[in-house]
1. Which residue is modelled with the lowest pLDDT, if the candidates are limited to segment 170-215 and must be of a type in the set (D, E, K, R) and open to solvent by less than 90 Å² (accessible area, probe 1.4 Å)?
2. Here are some residues: Val320, Val347. Which one is surrounded by fewer than 19 Cβ atoms within 10 Å (Cβ to Cβ) and aliphatic (A, V, I, L, M)?
3. Pairs only if they're at least six apart or on different chains, beta carbon under 9 angstrom, first in segment 177-190 and under 20 Å from Phe328 (Cβ atoms) and part of a helix (DSSP H, G or I), second open to solvent by less than 80 Å² (accessible area, probe 1.4 Å) and modelled with pLDDT of 70 or more; list them, first residue then second.
4. In this structure, does Pro380 turn out to be assigned to a loop (DSSP other than H, G, I, E, B) and closer than 14 Å to Gln300 by Cβ?
5. Starting from segment 267-284, take each residue that is farther than 22 Å from Leu131 by Cα and list its partners that are among the hydroxyl-bearing types (Ser, Thr, Tyr) and at pLDDT below 85, counting only C-beta distances under 8 angstrom and pairs at least six apart or across chains.
6. Enumerate the pairs (first residue in segment 315-335 and within 15 Å of Thr176 (Cβ to Cβ); second residue anywhere and crowded, with 21+ Cβ neighbours inside 10 Å and among the polar types (S, T, N, Q)) with beta-carbon separation below 7 Å, excluding pairs fewer than 6 apart on the same chain, so at least 6 apart or on different chains.
7. Quick one: which residue in Leu137, Leu124 is closer than 30 Å to Phe328 by Cβ, in a helix (DSSP H, G or I), out of contact with any Pro (no Cβ under 7 Å at 6 or more places or on another chain) and open to solvent by 70 Å² or more (accessible area, probe 1.4 Å)?
8. Is it the case, given these coordinates, that Leu273 is open to solvent by 40 Å² or more (accessible area, probe 1.4 Å) and under 27 Å from Phe335 (Cα atoms)?
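The values are calculated or read from the model by the stated rules, or taken from the named source; none is laboratory data. This structure is a prediction, so every number in the text was calculated from the model and none was measured. Cβ placement follows ideal geometry from the backbone for every residue including glycine, while neighbour counts extend to all protein chains displayed. Side chains are part of the model used for accessible areas, which takes the heavy atoms of the whole protein and leaves out ligands, DNA and RNA. Shrake-Rupley method; radii C 1.70, N 1.55, O 1.52, S 1.80 Å.
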Amino acid sequence: MTDKTDESSAAYENPEGAEPSAKAPQDPAPTHRRGAAAALGLVVRRLRQPLPGAQPRLRFEMPPEYSQHEEPSEDPDGVSRPQFGDPGPRMSPQHPLYMGFMGTVGVGVALLVYWIGSHTTQLLLWIVAALFIALGLEPVVGWLERRRIPRPAGILVSVSVLVAAVVGFFATLIPTIVGQVTEIVEQAPVWVRDFMNSDLFRTLDDQFGVRDRIAEEVNKFVNDPEAVGGIAGGVVGFGSTVANGLFGALIVLVLSLYFLAALPAMKRWGYRLAPRSRRHRVEALSEEITKSVGNYVIGQACVALLNATFAFIVMTIVGVPFALLLAFVVALLAFIPLVGAMIAGVVVVLIALTVGWQTATLYAICYFAYLQFEAYFISPRIMQKAVAVPGAVAVISVIAGGSLLGVLGALIAIPTAAAILLLIKEIYIVRQDKH
């Protein structure tokens, strides 16, 4: 019985009839790979282990929700955590001391906020711009997260695309400006010589002594140290303006990265500042506002990109000079709602007039016809998930935002107006309807 069992097991292990004692040759490669993988895993585990004596870094965490009727919680080891005690009864708002003290504190806080705001205007503008960019990129990051891409990778991709677009714009703008300035400097003596040899200049020189007057003014300017110092100061001022602009762009980029990374935590902290009874409503309104702002930025960017693409194609066909540079300008201006596309069209038409009125007319017909098509067919489909603001309110908000904060104010005007309208509709009108 035992022999039969051994024979059956040997037949099961060797179905093809091979000798039980014969060993099949083994490939050393899998063994080598397994050994390398094990060594790599050991190195990774060693790297993950904290250094001797190291402690975890302290993090600023959100406190747990609790009410004054809750009992003190306990640690896992059963030891009750000490608390700071229950708050006492609030002082009556009608108490004279309370009214006087709180009134003085309120006035002092208002003056302090005004002083801080007046001395940190540039910083506040950078913060607003970074927050606006972060809210605009948040839908893209969320879309990538839903595709199982980690949030840090999504933030990196979104910001990289934005930076690449800005760098591409300036990489096209700066060489064009340098080339045009060089051409003007080279042609300026020829233009001056041709003008001075013209009959018009000779007539003016005979009647008014223009040549002597010009020579006198040039000598006076060269010999005036204040004028030369003014030119040097202007150059230094231009350099400082460029340096401040680059520094501001770097600050906005860094703040945008931080805001994108911390936006969920910032929302949670903001919602915790509201009373628990109203927290759900505050969260719903805030999510609707931030979602509307993000959808507006993405939608407006898509509209501006399509506008610039169409303008570039038409400019290339009709022969408008500097088509690529002007396409970047059109995209930048088209991002400003309502009036940006019209301004871009007028700018390109004026430049096209340097080629000929036929070129300018052809481009104007094509571009302004596209604006009508965009207004009725493209924008409604792209912006259907964005904000809805009445036309009059949109125009007024864009003008007011541009007057207060320039281009940044014009960009954030419509989302701000939409947020104000939403708050009025959901809070003030609802409250008035209940009375």
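1. Looking only at segment 170-215, we keep the residues that are of a type in the set (D, E, K, R), and these are 183, 186, 193-194, 199, 202, 205-206, 211-213.
In the following step, the residues that additionally are open to solvent by less than 90 Å² (accessible area, probe 1.4 Å) were identified as 194, 205.
Numbers: Asp194: 79, Asp205: 74.
Looking at residues that are of a type in the set (D, E, K, R) and open to solvent by less than 90 Å² (accessible area, probe 1.4 Å), I get Asp205.
2. Details: Val320 fails: surrounded by fewer than 19 Cβ atoms within 10 Å (Cβ to Cβ).
Just a single option satisfies the conditions, and that option is Val347.
3. Close Cβ pairs satisfying both conditions: Ile177/Leu325.
4. On the way: assigned to a loop (DSSP other than H, G, I, E, B): no; closer than 14 Å to Gln300 by Cβ: yes.
So Pro380 fails the test.
5. Arg276/Ser67
6. From segment 315-335, the pairs are Val330/Asn307.
7. Numbers: Leu137 fails: open to solvent by 70 Å² or more (accessible area, probe 1.4 Å).
On inspection, the qualifying residue turns out to be Leu124.
8. Working: open to solvent by 40 Å² or more (accessible area, probe 1.4 Å): yes; under 27 Å from Phe335 (Cα atoms): no.
The answer is no for Leu273.
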